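Report on the structure given below.
Just so it is clear, none of the values below were taken in a lab; they were calculated from the coordinates. Everything quoted here is computed from the prediction, not taken from an experiment. Positions of Cβ are generated from backbone atoms using ideal geometry, with glycine treated the same way; all protein chains shown enter the neighbour counts.
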Amino acid sequence: MRRGIGASRIVSSQSERERWETLANSLEKESLETFQCLAEDFKKSLSIFIDKYKELINEDKEFRLEFLEMCDLIGLDPLVHSSHSWSNKLGLSHLYSEISVRMLDLCIRNRSTSGGLCDIEQLIDAFPQKLRVSEKDILKCIEWCKPFGGNSIKVIDVSGKRLLLTTPVVMVNEHHQLLKMAYERKFGISITHIKEYLGWSSQKALSTLNYFIQRQIVWIDESNGETYYWFPCLLGTYRSQLDNASDALFT
């Protein structure tokens, strides 16, 4: 005949379970307290670091980049963090506000010639040398501009080159393909080039180009018999290619 478990074993089992729960709660509390202590120590250490190197962070763009990358790794944004007034200590809020205003001003002033699509490298060259602006700074400022609307300013990657779009232009795959082709050719493009390179019909090539032309993103050049189309946002790329060709003539 099978015996029952018995009341004493049930009570014993419940007591053991309660002891384990008590131990688990105790360990959880200790872990939380340890983490809070570590977090406070880290805040103090970071505050000391900022006090010591704030001038270098502001003046040296490479050091600033490494500092911001470190903050990204630990999920910390020193620009919006209120604890210890890190943002005020660094002065980065003021710096990035100035960069953001200048960036938007430059983009708006150049819309009539570039159609609102510009090269980040050329944009950086237009900043005063004293600001020591890097591409990382520009990308950080773009994050700051999100309150103006998700489509107010966008980054477009063209084979590794980053362009800024500051007009409400909807770019589909064909537009990206054409822009990539123009960048890789590093020269003006023609309907013939587009047909050969992308395998498009003349109608599709012209239709895609017209979309850019109507928005002043592409210039038309009819000076050499055949019509060529140039992207002003790629002038830096064109210039480097033309400079290389010019150097080759004298070597």
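Taking 7 Å steps out from each Cα toward its Cβ at S201 and D157 produces label points 3.4 nm apart. Exposure proxy shown here: for H193, H176, the number of other Cβ atoms within 10 Å sets the order, fewest to most, as H176, H193.
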